[in-house]
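Rule-based calculations on the coordinates, nothing more; no lab input. No experiment lies behind these values; they were computed from the predicted model shown. Cβ atoms come from the backbone with ideal geometry, glycine included; neighbour counts cover every protein chain shown.
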Amino acid sequence: MSIDIDIDINTSSPLSRAYANRRPHTSPIPVPQRKALLPVRIFWRIRQFVRGVVAHVDPDEMLEVSRALPKGALSRFCEMPLDGQRHSLNVLYSLQAAGWHDPDLAAAALLHDVGKVAGDEAGIFLSPWLRGPLVLLDTFFSAWMKALASDAPTDGWRYLLHVHRQHPAIGAAWAAADGCSELTCWLIAHHQNRPDHKPLDKREELLALLYWADSRN
Ligand SMILES: [Fe+2]
Ligand SMILES: [Fe+2]
């Protein structure tokens with residue numbers, strides 16, 4: 001499958017190579033109808049957990065992040081715990097390795113989970129130890145989780161449920177306030193939505209790519 005899209009290059013970042021430099025033959029092709037097998041998804045989750053526990057970020061990687069994000073968004077990225085930064089960089093690298101160097105997509109890859117930082121307001125750190133159970137709860141007891149979630153930071157763990165569920169919207173609002181592009185904010189806001197149809201335009205294609213890279217990291 002080949003989809004022609006037109007992407008404006010709006011930064012001098014090395015992440016923003018011209019669209020012509022993309023390697024279409026190696027690019028991932030999101031197939032929304034196909035869901036990875038359960039053992040594969042369990043493997044990805046375990047790998048994500050281990051990577052989170054032993055996470056580190058090199059100074060040269062931070063330099064790359066600083067080139068990809070507006071100044072305000074860079075501060076926000078730095079507020080993320082180390083494992084969150086590592087996960088975001090791994091998502092970015094998956095996209096780059098597959099030949100995708102769109103600057104709006106790169107910024108979204110780096111910031112897609114930044115909204116989880118809001119959990120700090122409740123005084124509860126969203127560590128890798130908490131994140132896994134939250135994902136399981138959301139998968140198997142979604143209605144229960146929704147009923148218990150509270151948007152008041154004083155409600156402690158109930159606010160944490162709210163942050164877990166609403167982190168795409170929270171992160172998108174922060175990204176907008178920090179000067180990210182409209183497309184980046186849209187990608188962040190929708191990054192948890194599993195694509196259920198073939199991408200119809202550029203932004204849906206980028207969203208499918210972000211979902212693909214996020215689910216593998
Ligand atoms: Fe997320
Ligand atoms: Fe993520």
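For residue 129, indicate whether it is surrounded by fewer than 16 Cβ atoms within 10 Å (Cβ to Cβ) and out of contact with any strand residue (DSSP E or B) (no Cβ under 9 Å at 6 or more places or on another chain).
Answer is yes for this residue.
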Count, please, the residues in region 63-75 that happen to be over 9 Å from residue 110 (Cα atoms) and part of a helix (DSSP H, G or I). 9
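Tell me yes or no: at least one residue of region 136-146 is surrounded by 13 or more Cβ atoms within 10 Å (Cβ to Cβ) and farther than 26 Å from residue 42 by Cβ.
First pass over region 136-146, keeping only residues surrounded by 13 or more Cβ atoms within 10 Å (Cβ to Cβ): 137-138, 145.
Remaining after also requiring farther than 26 Å from residue 42 by Cβ: none.
Checked region 136-146: no residue is surrounded by 13 or more Cβ atoms within 10 Å (Cβ to Cβ) and farther than 26 Å from residue 42 by Cβ.
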Flagged in region 76-100 as within 16 Å of ligand 1 (Cβ to nearest atom), over 23 Å from residue 182 (Cβ atoms) and not in a helix (DSSP H, G or I), in numbering order, are 81
Sort out for me the helices (runs of 4 or more DSSP H) sitting completely within region 101-217 that have 1 or more residues that are within 13 Å of ligand 2 (Cβ to nearest atom) and closer than 27 Å to residue 65 by Cβ. 103-111, 128-140, 157-177, 182-189, 202-215
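Among residues belonging to region 172-196 that are of a type in the set (D, E, K, R) and in contact (Cβ under 8 Å) with a residue 24 or more places away in the chain, point out the one that is nearest to residue 132 (Cα to Cα).
The extreme case among them is 194.
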Between a residue in region 148-164 that is at positive phi and any residue that is part of a helix (DSSP H, G or I), which pairs come within a Cβ distance under 9 Å, given they are 6 or more apart or on different chains? 156/122
So which of 108, 73, 118, 169 ends up being within 15 Å of ligand 1 (Cβ to nearest atom) and either in contact (Cβ under 8 Å) with a residue 60 or more places away in the chain or in contact with a strand residue (DSSP E or B) (Cβ under 9 Å, 6 or more places away or on another chain) (or both)? 108
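Being under 16 Å from residue 109 (Cβ atoms), within 15 Å of ligand 1 (Cβ to nearest atom) and buried (at least 18 other Cβ atoms within 10 Å of the Cβ) narrows it down to one of 161, 187, so name that one.
Numbers: 161 fails: under 16 Å from residue 109 (Cβ atoms).
Within the list 161, 187, the selection yields 187.
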For region 197-208, state whether one or more residues are in contact (Cβ under 8 Å) with a residue 24 or more places away in the chain, on the phi > 0 side of the Ramachandran plot and away from ligand 1 (no atom under 14 Å from the Cβ). no
